[in-house]
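Heads up, the thing below is written out as structure tokens.
The values are calculated or read from the model by the stated rules, or taken from the named source; none is laboratory data. Please read all numbers here as calculations on a predicted model, not as lab measurements. Because the Cβ atoms are built from the backbone with ideal geometry, glycine has one as well, and the counts that use them run over all protein chains shown. For accessibility, only protein heavy atoms count, side chains too; no ligands or nucleic acids. Shrake-Rupley method; radii C 1.70, N 1.55, O 1.52, S 1.80 Å.
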Amino acid sequence: MSDTIYGPADFYAISLSNGDVDDGVRQAVVDLLGNDAITVVDLLVVRKGEDGTVDAGELAEGVVPGVDELGETGAQLASEEDVEAVAELLEPGSAALVAVIEHTWARGLVEALGKAGAEVVLAERIPAEVVNASADSLG
Amino acid sequence: MIGRARIGRGGLIGTAARTAVIAGTATATTGAVARHQQRKMYDQQAAYEQQAAPQPVYAEPVQAAPAPAQVEAAPAGGGDDLYAQLQQLGQLHAQGILSDEEFAQAKAKILG
């Protein structure tokens with residue numbers, strides 16, 4: 001068991017067009033690692049072979065060039081079941097970068113809610129387009 | 001190679017979707033994930049059935065046309081599966097994971 005009280009996390013699977021993590025994406029991930037508001041708690045590459053076999057490339061295997069580790073909060077949180085769920089979305093012969101990104105900024109809130117016995121009854125991610133459109137409509 | 005720590009645990013996606021359903025807080029977003037998971041489950045089931053079904057067909061002397069045989073083979077053992085699928089579908093509809101429209105579409109698809 002972990003002593004850390006994590007905030008909520010987002011699970012992203014990003015398809016990699018040529019099956020490789022390109023420099024722009026790698027740099028974006030490196031930038032995320034330096035961001036205190038979030039924590040990249042898991043990062044891997046899921047590959048689906050032409051024959052449908054599924055494999056997951058771990059960071060330790062150098063799947064994301066320039067990113068060898070995630071620091072002390074990095075954990076293999078995504079399970080084999082998640083890997084398979086992602087693989088189902090992939091065409092044979094393609095790959096996806098999977099990132100589990102924790103909202104570190106919410107840790108204090110999670111702890112406070114727990115202590116207060118308060119519950120999150122609704123949590124909804126509002127797409128940026130909707131937020132911006134709503135803001136625009138305010139004039 | 002899949003890391004050892006990843007094996008033998010429930011998935012984040014599936015667990016989150018199930019939790020949302022149980023807690024009754026399945027929102028549009030988590031609902032969409034759950035819907036997707038369920039659809040994938042059905043697709044998987046269908047794929048398994050298709051994979052499993054042709055084997056006895058190949059065992060028979062008539063090997064000339066495996067492709068149409070595969071199509072015919074699926075419904076042959078599918079009576080119970082069909083019922084189970086409809087039942088699952090009904091549950092998903094009742095839980096609000098499927099909308100009325102999606103339920104009708106999926107039902108029509110299953111009944112072919």
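Inside the stretch A:90-122, residues that are open to solvent by 60 Å² or more (accessible area, probe 1.4 Å) and closer than 21 Å to A:LEU32 by Cβ make up a count of 2.
Could you figure out which of (1) at positive phi; (2) away from every other protein chain (no Cβ under 14 Å) isn't true of A:GLY52? Every condition holds for A:GLY52 apart from (2). Only residues that are farther than 16 Å from A:ALA95 by Cβ and hydrophobic (A, V, I, L, M, F, W, C) were counted across the stretch A:1-34, and they come to 8. When the stretch A:96-112 is filtered for residues that are more than 14 Å from chain B (Cβ to nearest Cβ) and of a type in the set (A, V, I, L, M), the ones remaining, listed by number, are A:LEU97, A:ALA106, A:LEU109, A:VAL110, A:ALA112.
Need at least 2 residues that are touching a helix residue (DSSP H, G or I) at 6+ places or on another chain (Cβ under 9 Å) per element, so show me which helices (runs of 4 or more DSSP H) inside the stretch A:29-139 make the cut, counting only ones lying wholly within it. Talk me through it step by step, then tell me what you get.
Numbers: elements: A:80-89, A:107-116, A:128-137.
Because the criterion is at least 2 residues that are touching a helix residue (DSSP H, G or I) at 6+ places or on another chain (Cβ under 9 Å), the helices (runs of 4 or more DSSP H) in the stretch A:29-139 that meet it are A:80-89.
Among the residues of the stretch A:29-48, write down those that are of a type outside the set (Val, Ile, Thr) and surrounded by 13 or more Cβ atoms within 10 Å (Cβ to Cβ). Even if it seems obvious, please write down each step before you answer.
Step one: of the stretch A:29-48, the residues of a type outside the set (Val, Ile, Thr) are A:31-37, A:42-44, A:47-48.
A:LEU32, A:LEU33, A:ASP42, A:LEU43, A:LEU44, A:ARG47, A:LYS48, listed by residue number.
Could you look through the stretch B:84-112, keep only residues that are small (Gly, Ala, Ser) and outside any helix (DSSP H, G or I), and pick out the one that is modelled with the lowest pLDDT? Per the stated criteria, the residue is B:GLY112.
Please specify each residue of the stretch B:1-18 satisfying the condition of being within 22 Å of the chain's Cα centre (by Cα), at the interface with another protein chain (Cβ under 7 Å from one of its Cβ atoms) and aliphatic (A, V, I, L, M). I'd like the intermediate steps shown before the answer.
As a first pass, look at the stretch B:1-18 and keep what is within 22 Å of the chain's Cα centre (by Cα): B:8-18.
Of the ones still in play, those that are also at the interface with another protein chain (Cβ under 7 Å from one of its Cβ atoms) are B:9-14.
Result: B:LEU12, B:ILE13.
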